[in-house]
1. If you take the charge dipole of the chain about its Cα centre, with +1 on Lys and Arg Cβ and -1 on Asp and Glu Cβ, which of 334, 88, 145 is farthest toward its positive end?
2. Run the helix sum for the chain: -39,500 (n - 2.57) per DSSP H stretch of 4+ residues, divided by residue count, reported at 222 nm to the nearest 500 deg cm²/dmol.
3. From the P(r) of the stretch 132-287, could you give the percentage of C-alpha pairs in the tail past 23 Å?
4. For the stretch 89-140, state what percent of all Cα-Cα pairs lands in each successive 5 Å bin, counting from 0 Å until the bin that includes the largest distance.
5. Report the charge-dipole magnitude of the stretch 116-240 in Debye, nearest 20, computed about the Cα centre from +1 at each Lys and Arg Cβ and -1 at each Asp and Glu Cβ.
6. How large is the dipole of the stretch 1-119 about the Cα centre if only Lys and Arg carry +1 and Asp and Glu carry -1, each at its Cβ, rounded to the nearest 20 debye?
7. If you take the square roots of the eigenvalues of the alpha-carbon gyration tensor of the stretch 61-121 and sort them as a ≥ b ≥ c, do you get rounded (a/c under 1.5), prolate (a/b over b/c) or oblate?
8. What's the magnitude of the charge dipole for the stretch 93-185 around its Cα centre, counting Lys and Arg as +1 and Asp and Glu as -1 at the beta-carbon? Answer in Debye, nearest 20.
Amino acid sequence: MAAAETYVVVGAGLAGGRAVETLRQEGFDGRVILIGSEPERPYERPPLSKDVLRNERPVEKIFLRPPEYYVEQQIELRTGQMVRALEPRTREVILATGERLHYDKLLIATGAAVRRLNAPGVDLPGVHYLRTLADSQQLGQALTQAQRVVVVGAGFIGAEVAASARTLGAEVTVLEVLPVPLQRALGDTVGQIYAEIHREHGVDLRLGEGITEFRGHGRIEEVVTTSGQRIPCDLAVVGIGVQPDVSWLEGSEVAMSNGILVNEVCATNLPGVYAAGDVANWWHPTLGERLRVEHYENAQNQGVAAAKSMLGKGESYAPVLFFWSDQYDLTLQYVGHATGQDRVVFRGDVAGRRFMAFYLRDGQLRAALGVNRPRDVSAARRLLRTPVTVSPTDLADEQVDLRKLAAR
């Protein structure tokens, strides 16, 4: 491999950060440039809605590497810089400053951007979004003064922010247009359990309810719901999901549909161009379908996989997916990939909040969720990695050892 080659990574989040580490670990000795729009070096996002938000973890603990690592590894870390365009014919990325950077190989790891709510008053002081470290620090400071909080959206960000705000002692109202929280990820059955969990912790959870307006004189004072209710508040958080950060790629000829289309080795339709993380819509060869996943472990592992593909060492990226969520004193862990239409079989103490939920489709195990059951989640992951036929009766029976089923 020629030492003069230049590999550019656009996006200095988890996927991009792990990718440049891998390039050096795998022996690439050419030029490596990592470009990030935020002023910080690569860091982990999950703590932003939990312990960093509640000021329970030092911010320094969330960074992937100390600053000197990038100097020692001769990685050109360009933070606080926006990329304006991609020109594949000349193999260049163009920065907002007009500077052009040549690449021999390019990894796009720009992740996702928050969906913005289009409602009157959304720009009032006291209305927050949460995506970046700066967002988390600003919101965390505001929560120390807030007494009444409204959270718009009950996906993972909304649910975790609501749990953090309640832990800090605020009165919390959550508005969700869907019939249960976390519906898209967990389905109706488990979503209903999480509705009960939040209400047990004092959250005023209003389902099938959206927002039409934020009101206030100089800053947020109340929200108006789609049914006409007026909810007083001194802080509001909008968490209505994210979308792939691809606007800078318009006109580049890279194939896109719900993100950047890549194959099982993270390659796009353009020569020398790859994508990984939240922005990548990739072909999962085992599941036989396309996926775009917005979770920590996928960003980390796909960043590594894409870097190896850039070096000609790529293998099919076909993981058993995994994510987790901490809310109150409960840790939810999820392995596999299911839909809201799949059959759910429970094991354990649902009322006591220590249980497993298995998702089955056409008799086959597709995913498993555990609440405060880490050993069973590990066993379920092995079951999904090497599929075996398992009956719903065995899955529900506490006397049947999941580890032995996986070993079988």
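1. 334
2. -7000 deg cm²/dmol
3. Every Cα pair in the stretch 132-287 considered, those over 23 Å come to 50 percent.
4. 4, 14, 15, 15, 13, 12, 13, 9, 6, 0
5. I would put it at about 160 debye.
6. Value, rounded to 20: 540 debye.
7. Judged from the Cα gyration tensor, the stretch 61-121 comes out oblate (a/c at least 1.5, b/c at or above a/b).
8. 140 debye
Read-outs: derived from the displayed coordinates by stated rules, not from any lab. Keep in mind that what you see is a predicted model, and the values were worked out from it rather than measured. As a convention, Cβ positions derive from the backbone with ideal geometry for all residues, glycine included, and neighbour counts pool all protein chains shown.
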